[in-house]
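Trainee: If you scroll down you'll find the structure; I have some questions about it.
The values are calculated or read from the model by the stated rules, or taken from the named source; none is laboratory data. Predicted model, so just to flag it, every value in this text is computed and none were measured. So basically every Cβ, Gly included, is an ideal-geometry build from the backbone, and we count neighbours across all protein chains shown. Side chains included, ligands, DNA and RNA excluded: accessible areas come from the protein's heavy atoms. Shrake-Rupley method; radii C 1.70, N 1.55, O 1.52, S 1.80 Å.
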Amino acid sequence: MAAADFAERLPGGSCALDLAGRFTYLSSGACTLLGREADRLLGTLPWQSLRWLDDPTYEDRYRAAVLSRAPVSFTACRPPGQWLEFHLYPDDSGISVRIVPCGAQPPPVSAPSQVASAAIPSRVGQLYQLTHLAAALTEVVGVQDVIDLVADQIMPAFGAQGLVLSTADAGRLRITGYRGYSPQTVERLDGLPLDTRLTPAGRALDSGIPAFFSHPEEMRRIYPEAPQISGKQAWAFLPLIISGRPVGICVLSYDDPHDFPAAERAVLTSLAGLVAQALDRARLYDTKHDLAHALQQALLPRTLPAIGGLRVAARYLPATRGMDIGGDFYDLIRLDDTAAAAVIGDVQGHNVAAAALMGQVRMGVHAHATLGTPPDRVLAGTNRLLTDLGLDLFTSSLYACIDFAGRRIALASAGHPPPLLRLPGHPARPVDMPPGPLLGIDPDAEFPVTEIPLVPGLMLAFYTDGLIETPGVDLEDAMNQLAAELSRADDRDLDALVDTLLRTSGTAGKRTDDVALMVIQYTGP
């Protein structure tokens, strides 16, 4: 509201566009100058809701703002004769626009011509969308991102009502995304062989030559069944080729007959090359991501064992940048009828190498723990394993042995943040314990052991630094803040408690590091 009040007090008008070019905010001054109410403009494209902005004269201005991400200004005439100055301020999230009157007389150079031939269609909408697309295609990650981007930008730019994006797979066309078609139609078209005579898709992909059909009769003469299958009236088949290698095909379709002028065909053909590059990169990324994700899921425990006297809940959240994998891990190990162990760790980095090393660390800890080894010796044995591997990836870890018979918990740390301890009737606090060095540095390192009494109701929270690290915030302050949240949390449902800690720590949105959190509570003998 403060930002809106600020914009309302400024002279002229203010508005905002998202990266797709749609209005997301308009001040009352902007609505007055543009001559439309906000509810008729929000969510629309300027060149569609304000036809007087749809003019090729603005092509360079739009393109410069989108591609350069630098401020751009231009002048436009709102009929019948009010001249307005538009100042565009773009960045990676959208465009802020200032609109001010510039007087009745147009500037001599930048004014758009008011006498335009009706026979020449305006292409500024297409070009504006395409320049956004060219910039955005370099930033897409997965195949679904490519599909969404093509559907959101190419279809409106060329007035298409249907889209089918297929990839070539083992001699067949597999539909990876579509818009404007019924599931039954897609099911009929999915998996067609490349030499199909049902549609021109296979032939266009095999030859590498785009095919355009402006009227259903044109299609029916060569492919009689195609118009009946989709119910469309015009089609553009754009093969996606990279260095002579077929990647897939993009099909734009129309509910009514549609002419494809030479200029439009040229733009669509060039655009297909951009889409092909993006789709090929996205497929490679998805393949790597699926492989890495499967690797990590195999290395993390599927379920934690049920141990009498203990309640436990745990979560793992990957970093939101990169490949959604990392080196954080946790585990709960049944040692015998009178003891259990809890461990958490953080391997440096969040990539495939970190995930692979995480699996080795977890298995090393598990192997030493099941022998009944004390906490310091468990970490020492795992440390020797890592130094022998010589992988130059360091690991922090915290190991706790829960002795039900002796009513005590023994903890040892290898450079890991201390756990949070909550006792009945007392606020939670970090456990005061001396840490040893990180694993994988010194093969002869020692890891001090700290013991605390095991009493009914005791709760321990193990976490990795991704949960508490925030730029500009001291780690000790962050740990104390997390302890305060743990003190206030309701412990009747540990899963809900863990979700609360994750939510209040700010890890629900974008994360630069992965996060592991495990909470255990001793309920009594």
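Trainee: When the accessible area of the chain is split by element with a 1.4 Å probe, what percent falls to carbon and sulfur?
Mentor: Carbon plus sulfur share of accessible area: 54 percent.
Trainee: If each of Ala38 and Asp148 carries a label point 7 Å out from its Cα toward its Cβ, how far apart are those two points in nm?
Mentor: Result for the modelled spin labels: 2.6 nm.
Trainee: Here is a further query. Determine the gain in length on full extension of the stretch Gln481-Thr500; use 0.36 nm per residue of separation and subtract their C-alpha separation, reporting nm with one decimal.
Mentor: 5.5 nm
Trainee: On a full-extension model of 0.36 nm per residue, what is the gain between Arg384 and Asp403, subtracting their alpha-carbon distance, rounded to one decimal in nm?
Mentor: That pair, Arg384 and Asp403, stretches by 4.3 nm at full extension.
Trainee: Computed FRET efficiency, Cβ-Cβ of Arg334 and Glu139, R0 45 Å: what is it to the nearest 0.05?
Mentor: Computed FRET efficiency for Arg334 and Glu139 comes out at 0.45.
Trainee: What is the magnitude of the charge dipole of the chain about its Cα centre, with +1 placed on the Cβ of each Lys and Arg, -1 on the Cβ of each Asp and Glu, and no other charges, expressed in debye to the nearest 20?
Mentor: 1220 debye
Trainee: Now for a different question. Please work out the FRET efficiency for the pair Glu225 and Ala266, using the Cβ-Cβ distance as r and a Förster radius of 35 Å; give the result to the nearest 0.05.
Mentor: 0.70
Trainee: To continue, here is another question. Would you mind checking which residues have amide H under 5 Å from Ala339's amide H? H placed 1.01 Å from N; only 5 or more apart, or other chain.
Mentor: Excluding prolines and chain starts, which carry no amide H, the hits are Phe404.
Trainee: Could you provide, to the nearest whole Å², the per residue accessible area of the chain with probe 1.4 Å?
Mentor: About 46 Å² of surface per residue is accessible.
Trainee: Starting from the Cα-Cα distance between Leu295 and Arg174, subtract it from 0.36 nm times their residue separation and give me the gain in nm to one decimal.
Mentor: That works out to 40.9 nm of additional length.
Trainee: Related question: What distance in nm lies between label points placed 7 Å from Cα along the C-beta direction at Arg492 and Val431?
Mentor: With each label point 7 Å from Cα toward Cβ, the separation is 2.9 nm.
Trainee: If you don't mind, there's one more thing I want to ask. Using each residue's phi in the stretch 428-443, evaluate 6.51 cos²θ - 1.76 cosθ + 1.60 at θ = phi - 60° and report the 3J(HN,Hα) Karplus result to the nearest Hz, with x for Gly and Pro.
Mentor: Values per residue, Gly and Pro as x: 6, 8, x, 6, 7, 8, x, x, x, x, 4, 6, x, 10, 10, x Hz.
Trainee: When the dipole is taken about the Cα centre of the stretch 371-423, and only Lys, Arg (+1) and Asp, Glu (-1) are charged at their Cβ, what size is it in debye, to the nearest 20?
Mentor: Result for the stretch 371-423 is approximately 300 debye, rounded to the nearest 20.
Trainee: Determine the sum of side-chain charges near Gln233: Lys and Arg each +1, Asp and Glu each -1, restricted to other residues whose C-beta is under 14 angstrom from that of Gln233.
Mentor: -3
Trainee: Nearest 0.05, what FRET efficiency do Ile242 and Leu10 give at R0 = 51 Å with Cβ-Cβ as r?
Mentor: Plugging the Cβ-Cβ distance into 1/(1 + (r/R0)^6) gives 0.60.
Trainee: Obtain the nm distance between the two label points defined at Glu469 and Met1 by a simple spin-label model: each point lies 7 Å from its Cα along the Cα-to-C-beta direction.
Mentor: 3.9 nm
Trainee: Tell me which label goes with the value of Rg and Dmax of the Cα atoms in Å computed from the coordinates here: (i) 28.7, 102; (ii) 30.9, 93; (iii) 22.8, 75.
Mentor: Here Rg and Dmax of the Cα atoms in Å agrees with entry (ii).
Trainee: What 222 nm value per residue comes from the helices of the chain, counting each DSSP H run with n ≥ 4 as -39,500 (n - 2.57) and dividing by all residues, nearest 500 deg cm²/dmol?
Mentor: When only DSSP H runs of four or more count, the value is -11000 deg cm²/dmol.
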